[in-house]
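Down below is the structure, laid out as structure tokens.
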Amino acid sequence: MIRPYPAGFKTIILITAFLLSAAAKAQPLRQAADMAGKLVGAAVSYDPLTTESDYSDTLAREFSQMTCENEMKFSSIHPGQFTYAFSKPDTMVAFAQANLMSVRGHTLVWHNQVPSWVTGGGFSPDELSAILQDHITTVVSHYAGQVYAWDVVNEAFNNDGSLRSTIWYDSPGIGFAGQGTAYIEQVFRWARAADPNAVVFYNDFGAEGLNAKSDAIYSMVADFTARGVPIDGVGLQMHLTESGISAADVAANIQRLTDLGVQVQITELDVRLDLRNGPPTQEQLDRQASIYHDVATACLSNPSCTAVTMWGFTDKHSWIPSFFPGFGAALPFDETYQPKPAYYSLLNAFLGN
Ligand code: XIL
């Protein structure tokens with residue numbers, strides 16, 4: 001009998017396949033993302049980072065980038081008019097540096113988590129402008145050389161593409177009320193001046209695919225880049241549900257933005273599951289995994305999409321259950337830090353599968 005392959009060859013193949021799949025399973029996400037030329041990040045909270053070794057170990061092993069979930073927001077980092085609170089975010093940045101992780105700064109200009117000394121201070125637009133310039137300049141220069149990218153402005157548009165009415169825009173605003181994106185332009189200029197080497201991002205939710213909001217953001221970025229207003233990137237938050245998102249629309253949106261010369265990052269990915277009937281079913285976990293895969297693949301398909309960041313990494317610590325009661329299990333690791341199907345689908349996407 002003529003054998004098409006030598007005796008024992010099948011066994012060797014089986015052993016090799018087993019070793020390869022074991023290697024894939026042991027392969028931390030960050031190495032796979034490195035090989036794909038992308039950063040893979042997570043939003044991180046100070047308390048578990050400093051008290052739970054499973055949290056800090058998993059984070060350092062699996063992720064190449066961190067975002068402070070709350071600790072760099074206005075109310076946390078600038079709690080009094082003449083008081084900055086750098087201690088917690090400094091500790092987090094030091095952890096990132098010790099573990100060779102990049103740090104994204106989040107966020108300088110947002111309508112939420114603004115302290116009451118600002119919202120209740122009765123300030124005029126001129127006074128608010130001086131306060132915001134001081135805030136941006138102080139925070140960005142404090143982290144110059146340590147935070148490589150800033151979400152300078154977060155969530156400034158409504159879903160219909162109009163500008164959101166906020167304390168910074170028009171209530172009373174920093175002096176550009178009714179002038180469209182002029183106030184956004186001003187704050188990007190302040191951020192650029194505070195650290196010319198930091199990459200400055202506009203970040204929003206619900207503008208991942210093609211719709212009125214993403215059209216408005218696209219128009220702003222087109223205008224800014226045409227006029228030389230500093231902007232280097234657009235963050236697509238990507239807080240998704242089991243309905244998922246059209247990967248083709250996300251890819252098209254990434255393409256049109258990057259055609260303007262800016263980079264794109266997925267900044268806050270999570271996929272919340274409906275838990276009103278109990279813990280997630282295998283079907284829900286598999287559906288979630290395929291949504292994670294779609295999002296990672298959309299980013300991987302464009303060289304100017306530079307990072308995929310999750311809003312957390314373990315279901316033990318996620319904003320979802322308290323903001324969307326009845327929903328949860330949104331992240332790639334479960335509450336006991338075991339990888340879920342979503343973890344393996346992300347890993348496979350980064351490995352090109
Ligand atoms: C959320 C945090 O996860 C919560 O801990 C906090 O109470 C509220 O903010 N979009 C953003 C993030 O840009 O800053 C938000 O983070 C989630 C939605």
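Here, each number is a calculation from the coordinates, and none is a lab measurement. In this text the structure is predicted, and so the values were computed from the model without any measurement. Every residue, glycine as well, gets a Cβ built from its backbone with ideal geometry; the counts of neighbours run over all protein chains shown.
Going by alpha carbons, how many degrees (0 to 90, nearest 10) lie between the helix axis of 282-300 and the longest principal axis of the chain?
Long axis of 282-300 versus the principal axis of the chain: about 70 degrees.
If you take the Cα Rg of the stretch 95-170 and divide it by 2.2 N^0.38 Å, with N the number of residues, what do you get?
Compactness ratio reported: 1.29.
Give me Rg/Rg_expected for the stretch 123-209, where Rg uses Cα atoms only and Rg_expected = 2.2 N^0.38 Å with N residues.
For the stretch 123-209, the normalised Cα radius of gyration is 1.11.
Let me check I've understood the local charge: for residue 335, count other residues with C-beta under 13 angstrom from its C-beta, Lys and Arg +1, Asp and Glu -1. What total comes out?
My count for the surroundings of residue 335 gives -2.
How would you rank 169, 202, 143, 148, going from fewest to most other Cβ atoms within 10 Å of each one's own Cβ?
Fewest-to-most Cβ neighbours within 10 Å comes out as 148, 143, 169, 202.
Scan the chain and hand back the longest stretch that contains none of the trypsin sites (Lys or Arg not before Pro) lying in DSSP loops with at most 16 other Cβ atoms within 10 Å. Before the final figure, lay out the partial values.
On the way: sites that count: 164, 276, 316.
Segment 1-163 is the longest.
Please compute the length gained on full extension between residue 179 and residue 127, using 0.36 nm multiplied by the number of residues separating them and subtracting their Cα-Cα distance.
Net length gain for the segment: 16.9 nm.
Restricting to lysine pairs 8 or more places apart or on different chains, what number in the chain have Cα atoms under 21 Å apart?
Step by step, the pairs that qualify in the chain add up to 5.
Mind grabbing the base-10 log of I(q)/I(0) for the stretch 314-353 at q = 0.18, 0.26 Å⁻¹? Debye formula, identical points on the C-alpha positions, no solvent, two decimal places.
For the stretch 314-353, the Cα-only Debye profile gives -0.52, -0.80.
If you take all C-alpha pairs in the chain, what percent of them are over 27 Å apart?
Cα-Cα pairs in the chain separated by more than 27 Å: 48 percent.
Residue 134 to residue 97: extension gain in nm, 0.36 nm per residue of separation minus the Cα-Cα distance?
Separation in residues times 0.36 nm, less the Cα-Cα distance, equals 10.7 nm.
Restricting to Cα atoms and excluding each atom paired with itself, what does the Kirkwood estimate give for the stretch 59-98 in Å?
11.0
Sticking with the crude label model, points 7 Å out along Cα→Cβ, report the distance from residue 51 to residue 215 in nm, one decimal please.
Those two pseudo-labels are separated by 4.8 nm.
Could you grab the Rg to Rh ratio for the stretch 175-278? Cα atoms only, Kirkwood for Rh.
In the stretch 175-278, Rg relative to Rh is 1.05.
Considering only C-alpha atoms, what is the centroid distance from the stretch 312-353 to the stretch 86-128, in Å?
What the calculation gives is 26 Å, centre to centre.
Where does helix 9-26 land angle-wise versus the long Cα axis of the chain, in degrees 0 to 90, nearest 10?
20
If you bin the C-alpha pair distances of the stretch 48-114 every 5 Å from 0, what whole percents do you get?
3, 17, 25, 24, 15, 11, 5, 1
Stretched out fully, how many nm does the piece from residue 117 to residue 226 gain, at 0.36 nm a residue minus the Cα gap?
Gain in length upon complete extension: 35.5 nm.
Mind checking the stretch 67-106 for chymotrypsin sites (Phe, Trp or Tyr not before Pro) that DSSP puts in a loop (not H, G, I, E or B) and that have at most 11 other Cβ atoms within 10 Å?
82
In what sequence do 268, 69 fall when counting other Cβ within 10 Å, fewest first?
So the ranking, lowest neighbour count to highest, is 69, 268.
For a Förster distance of 22 Å, can you work out the FRET efficiency between the beta-carbons of residue 159 and residue 255, rounded to the nearest 0.05? Intermediate values should be presented prior to the final figure.
Working: r = 22 Å, r/R0 = 1.00.
Result of the calculation: an efficiency of 0.50.
By count of other Cβ within 10 Å, fewest leading, how are 108, 236, 351 ordered?
Fewest-to-most Cβ neighbours within 10 Å comes out as 351, 108, 236.
Tilt of helix 87-98 relative to the longest C-alpha principal axis of the chain, in degrees (0 to 90, nearest 10)?
With both axes taken from Cα atoms, the answer is about 40 degrees.
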